[in-house]
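I have placed the structure first, in the form of structure tokens, so that the comments after it can refer back to it.
The values are calculated or read from the model by the stated rules, or taken from the named source; none is laboratory data. Bear in mind the structure is a predicted one, so any value in this text is a computation, not a measurement. Here the Cβ positions follow ideal geometry from the backbone for every residue, glycine too, while neighbour counts run over all protein chains shown. Heads up: the accessible areas ignore ligands, DNA and RNA and are worked out on the full protein's heavy atoms, side chains in. Shrake-Rupley method; radii C 1.70, N 1.55, O 1.52, S 1.80 Å.
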Amino acid sequence: MKRYTTSNIKKRTLRLLAMSAASVLALSSCSDFLEIEPRNEIVLEGFWTEKADVDGIVSGCYSGLQSDACVRRMILWGEGRSEDLVPGQNSTDDGNLVNLLNENIMATNAYTTWVDFYNVINRCNTVLKYAPQVAEKDPAYTESELNATRAEMVALRSLCYFYLIRTFRDVPYSTVAYTDDDQEMALPATPFDQVLDSLITDLESVRNMAVKRYPTTQPLYQTSRITQDAINAMLCEMYLWKKDYARCIQYADLVIESKRALSEEINATRSNDGRSSSNYKERLARTNGFPLVNDMVSNGVFGNTFTQLFAMENTSTNAPALQEIIFQLAYDDDPRGNSMLANSAVARFYGSADFGQGYLKPSDYIVEDIAKTSGRTIFEDKNKTMDARLYENLNTSSTNVVVGKYVYRLFNLTASGTTVNSSFSLLWPDYYIGRDWHSSCGANWIIYRLSDIMLLKAEALTQQLREGTEQETLTYNAPIIAQAFNLVNAVNKRSILQTTMTDTLVAGDYTTKAQMEELVLRERHRELMFEGKRWYDLVRLSRRVGNTITLTQAALQKVSTGSSLIQNKLSKMDAIYLPYNNDEMKVNPFLVQNPAFSSGENSSYK
């Protein structure tokens, strides 16, 4: 069979990508591009003739990445095997999910399929193949627009491959569009490092072609379509995985400075965070000059970060979030009467009004760590009960503990002295429409935001530190530690429930490479919890140090029985990646199964 995924990619591309030119031309609002859905049928011949044809297929690339299947995998691949999540309400309805969470992973598990990401990849390759032909035929499709399209498609394709290599390590890699039945689609897996180098080269070649900033009349585009900031953020993280720390820092700085410039422009002309621009410098002081969303709404009232980043509908101009969010998948809270997608993956996995607790819930380890006032391993003891993220990440007051991020539309947090009162309300509701189930969860799924990039930079800086206590080493390390600590402290300080800001992290406590490494890893954990980042952070660490000790210790935190078996499994570097799905092995004779999973037929780690 001429395929290397479980579905015929060519037919899916033709069936799912297209929409009529008339539909595109009829659109007029700022969010129109993200509201269009591909039509069911298309014939290649005679289609690629004008700019509207390209716009329709580009829309299909974004909607493919927004699909329930892709976002479910972003959550599970990035969080499911970490200490953060365990099976929740009605999770037994999905045995594949439970098995993955419990490290009982077989090559028959449905969540080891990758076809949805490869479908997006082939859509992007199809646009890259045909868009130049359209530019030759349609004078309205200018060279700058063609170049921007190239940048978007290369970036979305690269993002998909980045998810795949972090999850499976070596994967089939192709930049060819599969549109012909005679094309051979079975390919051997390309090694991780080769794919990563190709992604970096591709992104470097197009990053200056991407749109730098969309007009203020299109605020949704600024964070929900590829921009130069999005590409620079991707390069920042990819260079960190490549262990090229200088280039990682370089691209992090480009993102930070771009967001700082945007923040200054916004606050020069309008109010922000619901308050006057005259308070701008005061707000920046809380975050060491970085333009993060300010968590304090007014004296004693906090929780603005949660509201702006995780509870806002995609139609909001949401100026504070524009300053922090770099790239996200946008959804609508009411799919009735329009063609935008709802975030059904979050509703089903994390929770909603109709479902309550989702298939996934926070682990007891997370809940217990939050409840402690000393001896914490995630949150800082120094902050006691004064870190807003203790309350924002999950709702422990519910009968069934649930993830808070993305699930609730409203969060109230007040603090007076050491007394904190918090409450969640207004879960995203659900609708049952026609014959298909749809969630009306409108929470956008964030891929990159500024605090993430700041902490990636801090990690890169930390890896530039030298080991040892000699005076020469201490002198070399001091300014690098200061830079890294300033970044971590800014992210941490943003969440501290104090009207008059005082640092709760003390620079003098972090003077060695080991201390800074632990601080950065912990800050990333508490800041980005449930955002699809934790397992990848642990995998990156394992690749860097050459062992799985920290990753295994983390995974064991949620295990009550069978810890010795899981510890033995995860001691193998191969086991931190998923196996190739059985169906892929059957149709692609060039694939060689991950050795941690035996033949792959019906074997797990055994």
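Within the stretch 100-111, the set of residues being open to solvent by less than 10 Å² (accessible area, probe 1.4 Å) and either assigned to a helix (DSSP H, G or I) or of a type in the set (A, V, I, L, M, F, W, C) (or both) comprises Leu100, Leu101, Ile105, Ala107.
Going residue by residue through the stretch 202-221, is there one that turns out to be among the charged types (D, E, K, R) and over 24 Å from Leu65 (Cα atoms)?
No - not one qualifying residue is present in the stretch 202-221.
Of the residues making up the stretch 61-77, not one is of a type in the set (A, V, I, L, M, F, W, C) and open to solvent by 30 Å² or more (accessible area, probe 1.4 Å). Within the stretch 67-86, residues that are in a helix (DSSP H, G or I) reach partners that are among the hydroxyl-bearing types (Ser, Thr, Tyr) with beta carbons closer than 6 Å, at six or more positions or on different chains, in the pairs Asp68/Ser344; Leu76/Tyr111; Trp77/Thr167; Gly78/Tyr536. Scanning the stretch 179-219 for residues that are modelled with pLDDT under 95, over 24 Å from Asn147 (Cβ atoms) and of a type in the set (D, E, K, R), we see that the one that is farthest from the chain's Cα centre (by Cα) is Asp182. Cβ-Cβ distances below 8 Å connect the following pairs, each with a first residue in the stretch 156-176 that is under 17 Å from Gly60 (Cα atoms), a second residue that is part of a loop (DSSP other than H, G, I, E, B) and modelled with pLDDT of 95 or more, and a separation of six or more residues or different chains: Leu156/Ile226; Arg157/Thr175. Across the stretch 576-594, the qualifying residues are those that are more than 19 Å from Asn99 (Cα to Cα) and not in a loop (DSSP other than H, G, I, E, B), and the one among them that is least open to solvent (accessible area, probe 1.4 Å) is Glu584. Among the residues of the stretch 547-573, the ones that are of a type outside the set (A, V, I, L, M, F, W, C) and open to solvent by less than 50 Å² (accessible area, probe 1.4 Å) come to 5 in all.
Yes or no, residue by residue, for (1) open to solvent by less than 10 Å² (accessible area, probe 1.4 Å); (2) out of contact with any Leu (no Cβ under 7 Å at 6 or more places or on another chain):
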position: Glu324; (1), (2): yes, no
position: Pro362; (1), (2): yes, no
position: Ile370; (1), (2): no, no
position: Gly375; (1), (2): no, yes
position: Lys384; (1), (2): no, yes
position: Asp387; (1), (2): yes, yes
position: Asn400; (1), (2): no, yes
position: Val403; (1), (2): yes, no
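Scanning the stretch 47-60 for residues that are under 20 Å from Ala330 (Cα atoms) and open to solvent by 10 Å² or more (accessible area, probe 1.4 Å) gives a single hit, Asp55. On the given criteria, is Arg544 over 30 Å from Asn279 (Cβ atoms), in contact (Cβ under 8 Å) with a residue 60 or more places away in the chain and either open to solvent by 20 Å² or more (accessible area, probe 1.4 Å) or of a type in the set (Phe, Trp, Tyr) (or both)? Yes. One residue alone among Ala575, Ala554 is within 30 Å of Gly468 (Cα to Cα) and touching an Asp or Glu at 6+ places or on another chain (Cβ under 9 Å), and that residue is Ala554. Can you confirm whether Ala555 is over 30 Å from Leu309 (Cβ atoms), aliphatic (A, V, I, L, M), under 24 Å from the mean Cα position of the chain (by Cα) and in a helix (DSSP H, G or I)? When the stated conditions are applied, Ala555 does not pass them.
Name the one entry in Ser59, Ser29 that is within 25 Å of Tyr221 (Cβ to Cβ), touching a helix residue (DSSP H, G or I) at 6+ places or on another chain (Cβ under 7 Å) and at pLDDT below 95.
Ser59
Val154 passes every criterion in (1) closer than 30 Å to Arg81 by Cα; (2) out of contact with any Asp or Glu (no Cβ under 7 Å at 6 or more places or on another chain) apart from (2). In the stretch 281-296, the residue that is least open to solvent (accessible area, probe 1.4 Å) out of those that are within 20 Å of Gln483 (Cα to Cα) and in a helix (DSSP H, G or I) is Leu284. Within the stretch 221-234, if we keep just the residues that are farther than 19 Å from Ile266 by Cα and touching a strand residue (DSSP E or B) at 6+ places or on another chain (Cβ under 6 Å), the residue that is surrounded by the most Cβ atoms within 10 Å (Cβ to Cβ) turns out to be Ala230. When the stretch 209-220 is examined, which residues are found to be surrounded by 20 or more Cβ atoms within 10 Å (Cβ to Cβ) and outside any loop (DSSP other than H, G, I, E, B)? Answer for the stretch 209-220, where residues must be surrounded by 20 or more Cβ atoms within 10 Å (Cβ to Cβ) and outside any loop (DSSP other than H, G, I, E, B): Pro219, Leu220. Could you tell me whether the stretch 78-95 includes any residue that is open to solvent by less than 40 Å² (accessible area, probe 1.4 Å), hydroxyl-bearing (Ser, Thr, Tyr) and at pLDDT 95 or above? Within the stretch 78-95, one or more residues are open to solvent by less than 40 Å² (accessible area, probe 1.4 Å), hydroxyl-bearing (Ser, Thr, Tyr) and at pLDDT 95 or above. Within the option set Phe597, Phe590, being under 15 Å from Arg169 (Cβ atoms) and out of contact with any Lys or Arg (no Cβ under 7 Å at 6 or more places or on another chain) holds for one residue only, Phe597.
The single condition among (1) surrounded by fewer than 16 Cβ atoms within 10 Å (Cβ to Cβ); (2) assigned to a helix (DSSP H, G or I); (3) touching a Lys or Arg at 6+ places or on another chain (Cβ under 8 Å) that Ile249 does not satisfy is (1).
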